[in-house]
Amino acid sequence: MTDTPRWHQERRRRHTLYFLEWAAGQRPVHLDTDIDMTRIQAHRAAARAGGTRYSVVSYLLHATGRAMARHPEANAVMAPSWPSLVRRPRIVRFGPVTAKLALDRTVDGERTVLSALVPGLEELSLDQVQEQVDRYRGEHTADLPEFKGVRMLGRLPVPLGRAAFAAALRDPRRRPGIFGTVSVSSLGHGAVDGFHSAGGTAVTLCAGRVVDRAVVRDGQVVAAPVMRLGLTFDHRVIDGAAAADLLGDLRKTMEDFDDGSRETLPEPDVRRTDRDHRAARGLEQSPT
């Protein structure tokens, strides 16, 4: 086996470089919470017994679409993308929710991060979300037509690549089709309890692993599957109170998960009742 030339490795990361240079203009602030995953894990187990597999990230995406639709102030972006002495920055809001899902994939033998878009998230069922996730989980993900622009940026000389990246973001109306309107990342495949990142959108969600933690229910300490969920928001677009409301709504949506087929779900007789409980961590990297 021959080593991949260094210049070839760097070329595959150019899209990440251009993104980080652009994202440096954000003003990120970080929040986090713990999510009781009892209901979701029960639903996953029941579905698996029936031959259907759902990824934890699919539940997060499903809940995110609904929570973001209830908080339209967070489904927005600051425009223009770069500072200008002539054009006054303004906030542009979007209607549909488009998630940008970070993927850890191997391209030509090298690990890299790809960003897959899931549009119309606020209207998708859990099954439809899972179909989208499954589409991006294959070993040939990088060859999909959605990543044509990423492949092009890797081939262009750096000055032209930067110019092409800037041109693509100049019109804020195109932003959902490039960056989405909310970013979702997961490192739950490893021993990661929580993390934060800025995904170029007004809101970025970061999930760690699902793991049993000690929680208090009715005055008793019991074990429950919990997940740490981080939320990074761009303070130029929304304020802390609005971001906290969104995170609280998202937490409740996941903890009270209902896919519309409640008759097939076990009764949540082990659900926590203490609303001040903190305990959650996680989500896996690849759908399982």
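Can you find, within region 201-210, the residue that is farthest from ALA42 (Cα to Cα) among those that are open to solvent by less than 50 Å² (accessible area, probe 1.4 Å) and in contact with a Leu (Cβ under 9 Å, 6 or more places away or on another chain)?
Residue satisfying both the conditions and the ranking: VAL203.
Name every residue in region 248-288 that is within 21 Å of PHE195 (Cβ to Cβ), at pLDDT 50 or above and in contact with a Phe, Trp or Tyr (Cβ under 9 Å, 6 or more places away or on another chain), in order of residue number.
MET254
Restricting to region 214-233, what's the tally of residues that are modelled with pLDDT of 95 or more and not aliphatic (A, V, I, L, M)?
The qualifying residues number 5.
Looking at (1) touching a strand residue (DSSP E or B) at 6+ places or on another chain (Cβ under 6 Å); (2) assigned to a helix (DSSP H, G or I), which is the only condition VAL77 fails?
(2)
Taking the options ARG228, ARG173, ARG213, name whichever one is open to solvent by 10 Å² or more (accessible area, probe 1.4 Å), of a type in the set (D, E, K, R) and not in a strand (DSSP E or B).
Exactly one residue qualifies, and that residue is ARG173.
The values are calculated or read from the model by the stated rules, or taken from the named source; none is laboratory data. The structure presented is a predicted model; accordingly, all values stated were derived computationally and were not measured. No Cβ is skipped: glycine too gets one built from the backbone with ideal geometry, and neighbour counts run over all protein chains shown. All accessible areas refer to the heavy atoms of the entire protein, side chains included, with ligands and DNA or RNA removed. Shrake-Rupley method; radii C 1.70, N 1.55, O 1.52, S 1.80 Å.
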